[in-house]
Structures are given as structure tokens and as C-alpha cells.
1. So what's the back-of-envelope 222 nm ellipticity for the chain, counting only DSSP H runs of four-plus at -39500 (n - 2.57) apiece and dividing by all residues, rounded to 500?
2. Compute the signed sum of charges (Lys and Arg +1, Asp and Glu -1) over the other residues within less than 12 Å, Cβ to Cβ, of residue 1.
3. For segment 41-107, take N as its residue count and report Rg(C-alpha) divided by 2.2 N^0.38 Å.
4. Please report the projected area of segment 63-171's Cα convex hull averaged over all directions, in nm².
5. With N residues in segment 2-134, what two-decimal value do you get for its Cα radius of gyration over 2.2 N^0.38 Å?
6. Once you keep just the Cα pairs under 8 angstrom separated by 6 or more residues, what percentage relative contact order results for the chain?
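Read the figures in this text as sums done on the coordinates, not as results from a lab. Keep in mind that this is a model prediction, so the values were computed, not measured. Here Cβ is always computed from backbone atoms with ideal geometry, including for glycine, and neighbour counts include all displayed protein chains.
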Amino acid sequence: MTEFLEQINKYNQLTKEAEKDFLSRLKTKSFKKGEFINKEGQICKQLYFIEKGLVKQYYHHKDRLFVLRFFSENTIFTVLDSFINQMPADFLTVALEDTNLIYIDYDNVQELSKIDHSFETFLRKIFSNAALYNLKRIKEMFNNDATELYVSFAKNNPHLLQRISLGDIASYIGISQVTLSRIRAKK
Ligand SMILES: Nc1ncnc2c1ncn2[C@@H]1O[C@@H]2COP(=O)(O)O[C@H]2[C@H]1O
């Protein structure tokens, strides 16, 4: 549980009371590889921290699939729009490995941010970071060709390369697995 707190304190140091209060509201849940953490149409009511494992967050339309992001150990995640607006999710999140999550429910997040300014600041910072992350991702997709996108993914995620299938990496870059194999063969 304390790893989640440590991660939060990197965004904004909580007060001692807030730390205690936060820890008392945490729960845990484990998912087997292939299990859904959230499905399309469900309202995401949790802010998660990955203690162990790897998940993929993606969007699909007809037969096309786009991976927004992979989240691995020591990362906080949620389904942003669904969690913030409490609306049905378009994005799905699935465990790519057996995954242990620590989480706090939406209602507890709301309550804590009402009573504690340090927690509210943490929330503002993490959601700003998430927005900036997504803008950077859009720009990267727009400005780079598939080879550059693969090289950048491999450079920024060396620890994940062996853990993610080629099909999923291709869906992150927005190309077919055949095209990705060609790119990798040239490297
Ligand atoms: N879907 C998301 N939900 C919550 N936080 C996110 C999400 N996407 C990105 N972030 C945050 O934005 C941060 C960007 O840097 P990190 O990858 O270190 O960690 C990321 C998360 O803390």
C-alpha cells in the first residue's frame, strides 16, 4: 500500500493526516492475464496503482484497435474521461500479465480532495500530467513515421519490449503487425 503513497508524494507531498486517511481508504484487487479491469460502457470508479503487472488501455472501432498506453509497475492510472466525468468509458483496460492493483474509489477520492488540500493538489497535478502526456502522444503520432515511432517506443520502454506482443506494439504505433515486422527486420 505504501508504494502507492510514495508515488503520490512524488506529485505532491501529502500532509501526515492525509497520508493516514488515504491509506485507510485503499483496497486491492488482482487480475489474471487477459481479464478486463474495465470494459467499454462501464463507468470507471477507481484510481489505480499497479503494484505488479502490466495493462493495456485501448480503443476499438469495428476491426481497428488503437492502444493508447501501456501501464506497468509503480504507475497510477485510470480511464481518464470516464473517471473524471463519471461517464461510460470508450476505452477498455485489460491485464497483459497477472496484475495486482491497489486502488481508491471515486467517492473516496472526492471526499479526500474536499477535506485535504494536499490531496487535491496531487489530483490536479496527476491529471495535468496525464493531459500533457496525451498531447505529446498525439503530436508524436502526427509528426513521425512508423519507423520513428517504433524506435522511440523501444528507446523509452526497453523494460517493456520483451513483455508486450508485436501485435500490441503495432496497435500502439497504429500500423499492422506485418509492417512492424518489416521495420524490425531492417533494424
Ligand atoms: N490514463 C491515465 N490515468 C491517470 N494518470 C495518467 C493516465 N495517463 C497518464 N497519466 C499520468 O501521467 C503521467 C505521465 O508520466 P508517467 O508515465 O510517469 O505517469 C503518468 C501518470 O501519472
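1. Mean residue ellipticity at 222 nm (helix-derived): -15000 deg cm²/dmol.
2. -1
3. Here the answer is 1.09, to two decimals.
4. Orientation-averaged projected area of the Cα hull: 8.4 nm².
5. Normalised by 2.2 N^0.38 Å, the Cα Rg of segment 2-134 equals 1.03.
6. Relative CO of the chain lands at 25 percent.
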